[in-house]
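Novice: Got a structure here, written out as structure tokens. Questions coming.
The values are calculated or read from the model by the stated rules, or taken from the named source; none is laboratory data. This structure is a prediction, so every number in the text was calculated from the model and none was measured. Positions of Cβ are generated from backbone atoms using ideal geometry, with glycine treated the same way; all protein chains shown enter the neighbour counts. We work out accessible area using only protein heavy atoms, side chains counted, and drop any ligands, DNA or RNA first. Shrake-Rupley method; radii C 1.70, N 1.55, O 1.52, S 1.80 Å.
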Amino acid sequence: MQICHSSQSNTPCSSADKMKNVLDVMSLQQHVETSKAQSMKPIDYRKSSKPGLVPLYIFECATKLKMKPLTAACAAIVFHRFYKEVKTSDYDEFLIAASSLYLAGKIKDDDSVKIRDVINVAYSTLNRGTAPLDLNDEYWAMRDAIVQAELLITRTLSFDLNIDLAHKYLLYYMKTLQDWMGPQVWNSVPIAQAAASYLQDFHHSPNILKYKPTHVAVGCLSLALQTYGVQVPLTDESEEAAMWYKPLVKDFSREKQWEIIEDVIEVYKNEAALKST
């Protein structure tokens with residue numbers, strides 16, 4: 001019998017309790033993104049051209065807009081998919097980023113995403129130290145540009161706005177491992193928090209589009225397990241068929257695992273380079 005860890009009592013864990021523990025990770029992720037944005041040195045986005053710059057801008061804006069993590073991730077995927085189809089030099093990346101944020105709010109039915117807020121946050125983040133735009137010609141020009149960019153994005157993506165995010169798969173796999181490993185091991189290290197952070201941060205990279213969402217989820221969870229040196233019971237990492245992820249995703253391989261891990265690590269290298277500017 002699994003026991004819920006509580007300051008008041010040790011009581012048997014119901015399935016609802018265990019799922020709530022896992023779902024709480026997404027709420028924590030929003031707090032993590034806010035803390036990261038507050039602790040980072042402000043970047044002058046117009047004066048840098050290093051890799052990962054515009055995705056960082058997207059997530060900074062998303063944090064200021066108090067977007068849900070899923071909406072922010074959706075915006076990043078929309079942005080990456082658009083630039084997979086066109087040349088980077090053909091369109092203003094920051095305009096496309098702002099429009100991706102606005103479009104993601106619609107895709108994920110995030111009612112907190114209002115176009116005026118997107119305009120003001122996108123403008124003030126790009127132009128540090130400036131006041132929000134008044135309802136003048138510049139405001140209406142930017143509003144029209146964002147709406148026109150939204151139409152351009154949807155046409156470029158052939159109106160395919162079904163964004164299959166890896167988050168739901170990650171939650172399912174974490175729930176499965178939580179049951180598999182038991183609460184004592186699972187709660188001893190922040191595996192869930194680390195995996196959720198790796199997944200959200202991976203959305204800074206266009207490389208996330210190279211993989212199936214199920215593979216991304218397993219890769220990020222695998223990196224979290226390795227970060228804390230946790231061995232899943234009854235598995236053998238020296239044998240591919242006995243790896244912990246095989247019952248969950250049969251078409252995943254050790255080679256794919258290392259490819260994803262390397263791509264996630266590259267995100268942090270790029271972020272470190274941006275912070276050094």
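Novice: Collect the residues in segment 91-121 that are among the aliphatic types (A, V, I, L, M), open to solvent by 10 Å² or more (accessible area, probe 1.4 Å) and closer than 20 Å to Asp160 by Cα, keeping them in residue-number order.
Specialist: Ile107
Novice: Out of curiosity, is Ser124 closer than 21 Å to Leu56 by Cα, in a helix (DSSP H, G or I), open to solvent by less than 70 Å² (accessible area, probe 1.4 Å) and small (Gly, Ala, Ser)?
Specialist: yes
Novice: A follow-up question, please. Suppose we filter Ser205, Ser158, Ser188 for residues that are in contact with an Asp or Glu (Cβ under 8 Å, 6 or more places away or on another chain) and either exposed (fewer than 15 other Cβ atoms within 10 Å of the Cβ) or outside the structural domain of Lys64 (by the TED database) (or both); which single one remains?
Specialist: Just a single option satisfies the conditions, and that option is Ser205.
Novice: Take Val78 and decide whether it is open to solvent by less than 50 Å² (accessible area, probe 1.4 Å), in a helix (DSSP H, G or I) and modelled with pLDDT of 50 or more.
Specialist: yes
Novice: A further question on this structure: Contact list please: Cβ distance under 8 Å, first residue in segment 45-68 and closer than 12 Å to Ser112 by Cβ and assigned to a loop (DSSP other than H, G, I, E, B), second residue of a type in the set (D, E, K, R) and open to solvent by 30 Å² or more (accessible area, probe 1.4 Å), pairs at least six apart or on different chains.
Specialist: Filtered contacts from segment 45-68: Leu65/Asp117; Lys68/Lys108.
Novice: Still on this structure, I have one more. So if I check each of Glu259, Glu266, Glu255, which one is of a type outside the set (A, V, I, L, M), within 19 Å of Tyr169 (Cβ to Cβ) and part of a helix (DSSP H, G or I)?
Specialist: Glu259
Novice: Another question about this same structure. Out of segment 127-140, which residues are buried (at least 16 other Cβ atoms within 10 Å of the Cβ) and modelled with pLDDT of 90 or more? Steps first, please.
Specialist: At the first step, the residues of segment 127-140 found to be buried (at least 16 other Cβ atoms within 10 Å of the Cβ) are 133, 139.
Selection gives Tyr139 alone.
Novice: If you don't mind, there's one more thing I want to ask. Cβ-Cβ under 6 Å, sequence separation 6+ or interchain: first residue in segment 95-122 and at negative phi, partner basic (Lys, Arg) and open to solvent by less than 50 Å² (accessible area, probe 1.4 Å). Which pairs?
Specialist: Final answer for the pair search is none.
Novice: Next up: Say we look at segment 177-198 and pick out the residues that are β-branched (Val, Ile, Thr) and assigned to a helix (DSSP H, G or I); which of these is farthest from Ala73 (Cα to Cα)?
Specialist: Val185
Novice: Take Gln231 and tell me if it is open to solvent by 10 Å² or more (accessible area, probe 1.4 Å), farther than 27 Å from Glu271 by Cβ and assigned by the TED database to the domain that holds Arg254. So that I can check it myself, show each step before the final result.
Specialist: Working: open to solvent by 10 Å² or more (accessible area, probe 1.4 Å): yes; farther than 27 Å from Glu271 by Cβ: yes; assigned by the TED database to the domain that holds Arg254: yes.
So Gln231 fits the description; yes.
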